[in-house]
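S.K.: Below you'll find the structure I mean.
Here, each number is a calculation from the coordinates, and none is a lab measurement. It should be emphasised that the depicted structure is a prediction, and the values quoted were computed from it without experimental measurement. Counting neighbours? That spans all protein chains shown, and the Cβs are built from the backbone with ideal geometry, glycine included.
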Amino acid sequence: MNAIANVSRRGFLQGILSAGAFVLTIRVFPDSLIPASRDASAAGDSPLTGAFQPGVYLAIDTDGTAYIIAHRSEMGNGSRTAVPRVLADELEADWNRVKLVQATGDVKYGDQDTDGSHSVRSFFDAFREAGATARLMLVRAAAQQWGVPEAQCKAHLHTVVHTASGKKLGYGELAASAAKLPVPKKEELQFKPRNAWRYIGKPVKSYDIVALCSGKAVFGQDTHMDGMLYAAVAHPPVLGGAVKSFEDKDTLGVAGVKQTATIDSFKPPHGFQALGGVAVLADNTWAAFEGRKKLNIQWEHGPHASFNSDAYKKELQATARKAGKVFRNVGDVDAEFAKGGKIVEAEYYAPLLAHASMEPPAALAEFRDGKVNVWACTQNPQGVQDAVAGALGIKKEDVTCHVTLLGGAFGRKSFPDFAVEAAVLSKKAGKPVKVVWSREDDLKFDYYHSVAAVYMKAALNAGGMPAAWLQRSVFPPIGSSFAAGATYSEPGELGLGFTDVPFALPNHRAENGPAVAHVRIGWLRSVANIYHAFAIGSFTDELAHTAGQDPLEYILKLFGPDRIIPKGELGTDYPNYDGDYAKYAIDVARFRRVTQLAAEKAGWGKKKLGNGFGMGIAVHRSFLTYVATVVQAEVNDAGQVQIQQVDTALDAGTVVNPEMARQQFEGAAVFGMSLALYGEITATNGVIDQSNFGDYQLARMRETPRETNIYIVENDAPPAGVGEPGVPPFAPAMCNAIFAATGKRVRELPLSRAKLA
C-alpha cells in the first residue's frame, strides 16, 4: 500500500527549505519491507539522519517553490522529468515553479535501481496520490484561512481560488498552515479526471535540457574534490584472474604518479564486486593511464583462459539441438512432428554485446572516519551502498551515494563495481580517489549482454500454418553473475520474449539448455528480448515465405482470435515483468492493433519488393509494451545495407511524456541498428579481443535510418515501459527486409559477417 505522511517539522532538505515549509513523504513499497527501526510511529521531530517513514518527498516552500525529490537515475531515459510531472499534475503545480532534487541512495526512497523500464509504471499511482494529497491539504488550509467550506475552493496552477469571491492564495502563502494539518485519508482524495490532466500525456522537453546544452550538467566524469587522486586500474585480463606479482618502478617514475595499490580479486560469484587488479593513483588522468601502461604484472589467469568464441559458439549450437528443460508446454509437439508433413527448422545466433555508453564508468569516493561518500554515474545507488559496505566491512548506513547524471548506461551502470574500486582505493590512500575507466576498460571488462543460440522447428498444416512449434534457447544466464555455477536460466529471463509468445499455437513447447558463463553477464537494454525477438521474429517470416503467404497477413493469422491469454498458458512461473497479470495481461487485440498500424503507415503492400529493395516486419511485447516495427531497406551490389525508413507503432498504455517516448523509440532504432550491423564481442584464450570503437563499431550517421516515424496508440491502460521495448523488433524486421530485398536469409548476427553481395 502507498501511504502519505506529513513530515514538515523533521528537517528534511536542510539548507534548501525555509522554516514553515510543507513536506510530505510517500511510502512506495510494502510495509513488510520497512525496517522496524524506521517505523514512523517511533519518529519525533528528527533530522534526515534519524528515524522517519520511508518515502519519496514533496516539499512546498514559503516562497512557493515546489521541490520534488527525483529518486531515479537520469541517463537520457527521461525519468527525472516524467515521474515528477505525474505528481505536479495532481498537485496542480506550475511546472516552472518546480525544482528537482536528486536523491542519494537510501531505502527510504523505495526501489531506486533505474532499469527494467518501470520508473513511471511503478510510481505512477504513488505519485498521483501524493500530489492529490498535497493539493487537498492546501485547499483545506485556504478554506480555513478564509472561513469558507472547502467545497467552494479549488486549486489552479499553484494557487487556491475561492470560486464564490475570486479570492486567491498562492501555495507559498499556504505552506505553513498546510504543514500543520493532518494527512487526509486516501478515500477523501479526488483525483483529476484524464481530460483535466495538465502534464500527463503532454509532450515536454527534459527538465535538464538547459543544463545539458550549456555544459552545466554534472556527470560522473565531471566530479571533483580538492586534493583528490585519479586512479586507473589494471584488471585481470581473464575473468577470475589474480595478480601473481607486479613491478611498479617504471610506473612510479611517471610524473604525477603518487602510488600504486592492489585491489583483491572477487570471490565467486562476482556479483557487484570489483574485478581486482593493480591501481595507479596520480594527480591527473594522463599520469594514471601512462603509469598503468608501465606496470609489469604477472597474472594467474584461472580456468576461463580456455574460453574461445568460435569453439564456444559451436558448443552452444550443439546444445540447442538437444532437448532441454521445458518451461512452456501446450498440446503434444512430439506427436504432431511424428505425423510428418512440411517441417521447417532454423537456427539463430546472437553474439556477446557490450554496452559502450558514451560515458565510461567513473566514481569519486572519500573514506573518512569509517564512513564513505561516493559520487557516481550509477543506475543503482542502493547497490553502491551494499557493495561498498561489503567491500569495506562497514554498515550500509555509513555509505552515502550521490547520483550524478549518466552519459548513457543501458544497464551497465546498475553494476557498482567501479564505485567499489573508488571506495577501496580511498581507504588505502587516505584521500579522495576518483576511478576513471577508459573506453578500452569499458569494452574489455563489461558485464556483457549474453551470447545465445536459438533453435526453432515447426510443422506446417495444409494451410501453411504451424500445427506444432518448438523453440529452444541456450545462453549463459544473468544468474551466473550472482550464483556460481548457474547454467540454466530462471523463468524471469525466459519470460523476456520467449515463454510469452502470443501466437495461437495448438502444440507449442519452449525449452532452455545449459550454458557456462566465461565472462560477466549483465543487463543490457531490453535484455534477453534481443535474441528471442530476433529468432522468433525471423522464424515467423521464414514460415510465411515457406507457406507462400504475405508476412503481415501470416502474423495476423498466427495471433488467432482477439483474446486475453490466460497466465496459465505461459509456462512455469511467468513473471510478466513483475506486473500484476490482472492489470497487465497479454492482450492479442493490442498486438494486432500495433501490427496493423505500423504496416499501414509504412505503406505495406504498396511497393514492389526485390532487386535490392525490401520491407520487413516484426512484432514483440516487452516490458508490458506492444511494439511493431516495419523496416524498409536497400541492399546495393556490394552488399551494403541502407535503411530508408523505419515505422514503429507502440502501445504503452498511458504515456506520461509522448515527446520522450518518441525520442526513446527513435534512439532504439539507431541502437538496434548498431547491434544488428556491428555488435559482437569475442574472446581468445579468455581475453576480450575488442578494445575501442575501431573494432567494436557503432552505426555511423550515414548508416542510420534516413527516416524514422513513431506512432503512439492512445490507450487508457496503465502505463508500461518505453525505454527498452523499441529495441527487440528492430533486428528481425531489418533482417526480414534484407530477405525481401535479396532472397538471402540472415540467421546470425552481426550483419557485418553476412555475405549479402
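S.K.: Quote to one decimal, in nm, the extra length available between residue 101 and residue 609 on full extension: 0.36 nm per residue of separation minus the C-alpha distance between them. Before the final figure, lay out each step's value.
M.R.: Details: separation 508, 0.36 × 508 = 182.88 nm, distance 5.32 nm.
So the extension gain works out to 177.6 nm.
S.K.: Which percent, nearest 5, of DSSP beta bridges in segment 588-745 are antiparallel?
M.R.: Working: 23 of 28 bridges.
If we restrict to bridges inside segment 588-745, about 80 percent are antiparallel.
S.K.: How large is log10 of I(q)/I(0) for segment 392-444 at q = 0.19, 0.27 Å⁻¹ when the intensity is taken from the Debye formula with one equal scatterer per alpha-carbon?
M.R.: Treating every Cα as an identical point scatterer, log10 I(q)/I(0) equals -0.82, -1.32.
S.K.: Using r as the Cβ-Cβ distance of residue 342 and residue 322, and R0 as 25 Å, what FRET efficiency do you calculate, to the nearest 0.05? Don't jump to the answer; show the numbers that get you there.
M.R.: Details: r = 23 Å, r/R0 = 0.94.
Using R0 = 25 Å, I get an efficiency of 0.60.
S.K.: Per q in 0.11 Å⁻¹, report the Debye log10 I(q)/I(0) for segment 319-467, using one uniform scatterer on each alpha carbon and no solvent.
M.R.: One equal scatterer on each Cα of segment 319-467 leads to -0.60.
S.K.: Order the peptides 484-495, 403-414, 227-238, 151-162 from the highest to the lowest mean number of other Cβ atoms within 10 Å of their residues.
M.R.: On the way: 484-495: 19.4, 403-414: 24.0, 227-238: 22.5, 151-162: 17.8.
My ranking of the peptides, most packed first, is 403-414, 227-238, 484-495, 151-162.
S.K.: Would you please put 430-443, 348-361 in order of how densely packed they are, using the mean number of other Cβ atoms within 10 angstrom per residue and starting with the highest? Walk me through the numbers on the way to the answer.
M.R.: Values: 430-443: 20.7, 348-361: 22.6.
With the highest mean Cβ count within 10 Å placed first, the list reads 348-361, 430-443.
S.K.: What FRET efficiency, computed as 1/(1 + (r/R0)^6) with R0 = 56 Å and r the Cβ-Cβ distance, is obtained for residue 330 and residue 284, rounded to the nearest 0.05?
M.R.: On the way: r = 62 Å, r/R0 = 1.11.
Here the calculated transfer efficiency is 0.35.
S.K.: Which whole-Hz ³J(HN,Hα) couplings does segment 161-175 yield from phi under the Karplus relation 6.51 cos²θ - 1.76 cosθ + 1.60, θ = phi - 60°, glycine and proline marked x?
M.R.: Once θ is set to phi - 60°, the couplings for segment 161-175 become 10, 8, 5, 6, 9, x, 5, 9, 9, x, 4, x, 5, 9, 4 Hz.
S.K.: Same structure again: List the residues whose amide H sits under 5 Å from the amide H of residue 155, counting only those 5 or more places along or on another chain, with H placed 1.01 Å from N in the peptide plane.
M.R.: Here the answer is 161, since their amide H atoms fall under 5 Å of that of residue 155.
S.K.: How many percent of Cα pairs in segment 232-356 exceed 19 Å? Working shown, then result.
M.R.: Values: 5218 of 7750 pairs.
Result for the distance tail: 67 percent.
S.K.: What does a probe at residue 700 reach in segment 617-641, counting residues whose amide N is under 15 Å from the point 7 Å along Cα→Cβ?
M.R.: It comes to 640-641, nothing else.
S.K.: Listed highest first by mean packing, meaning other Cβ atoms within 10 Å per residue, what order do 551-558, 66-73 come in?
M.R.: Values: 551-558: 19.6, 66-73: 25.2.
Top of the packing list down: 66-73, 551-558.
S.K.: When the Kirkwood hydrodynamic radius is evaluated over all pairs of different C-alpha atoms of segment 196-291, what value in angstrom, to one decimal, is obtained? It would help to have the intermediate numbers written out before the result.
M.R.: Numbers: mean 1/r = 0.0593 Å⁻¹.
Hydrodynamic radius (Kirkwood, Cα pairs) of segment 196-291 is 16.9 Å.
S.K.: Please turn the phi angles of segment 338-351 into ³J(HN,Hα) values with the Karplus equation 6.51 cos²θ - 1.76 cosθ + 1.60 (θ = phi - 60°), one per residue in order, whole Hz, x for glycine and proline.
M.R.: Coupling constants for segment 338-351: 5, 6, x, x, 7, 9, 10, 10, 8, 10, 10, 9, 10, x Hz.
S.K.: Checking the a/c ratio against 1.5 first, then a/b against b/c, what shape does the Cα gyration tensor give for segment 647-757? Can you show the working numbers first?
M.R.: Numbers: a/c = 2.38, a/b = 1.66, b/c = 1.43.
Verdict is prolate for segment 647-757.
S.K.: Note down the nm distance, to one decimal, between modelled labels 7 Å out along Cα→Cβ at residue 311 and at residue 484.
M.R.: 2.3 nm
S.K.: What do you get for trypsin sites (Lys or Arg not before Pro) in segment 607-715 restricted to DSSP loop and a cutoff of at most 16 other Cβ within 10 Å of the site's Cβ? Could the numbers behind the result be given before it?
M.R.: Details: sites: 607, 608, 621, 662, 700, 702, 706; in loops: 607, 608, 700, 706.
Here the trypsin sites (Lys or Arg not before Pro) that fit, given the DSSP loop and packing criteria, are 607, 608, 700, 706.
S.K.: Please quote Rg/Rh for segment 276-347 to two decimal places, taking the Kirkwood radius as Rh and restricting both calculations to Cα atoms.
M.R.: Expressed as Rg/Rh, it is 1.37.
S.K.: Less than 21 Å apart at the alpha-carbon level, and either on another chain or at least 8 residues along: which lysines does that give for residue 325?
M.R.: List returned: 313, 314, 457, 567.
S.K.: Starting from the Kirkwood Rh over alpha-carbon pairs, what translational D in µm² s⁻¹ does the chain have by Stokes-Einstein at 37 °C and 0.692 mPa s?
M.R.: Roughly 119 µm²/s, to the nearest whole number.
S.K.: Treating each Cα of segment 132-265 as an identical point scatterer and ignoring solvent, apply the Debye formula and state log10 I(q)/I(0) at q = 0.10, 0.17 Å⁻¹.
M.R.: -0.64, -1.04
S.K.: With θ set to phi - 60°, apply the Karplus curve 6.51 cos²θ - 1.76 cosθ + 1.60 along segment 377-388 and write out the HN-Hα couplings as whole Hz, x wherever there is a Gly or Pro.
M.R.: Once rounded to whole Hz, the list reads 7, 10, 8, 9, x, 6, x, 4, 4, 4, 5, 5.
S.K.: Something else about it: Amide H neighbours of residue 654 under 5 Å, at least 5 residues apart or on other chains, H built in the peptide plane: list them.
M.R.: Correct list: 717, 720.
S.K.: Considering the Cα trace of segment 528-586, what is its radius of gyration and what is Dmax, both in angstroms?
M.R.: Final numbers for Rg and Dmax: 14.1, 40 Å.
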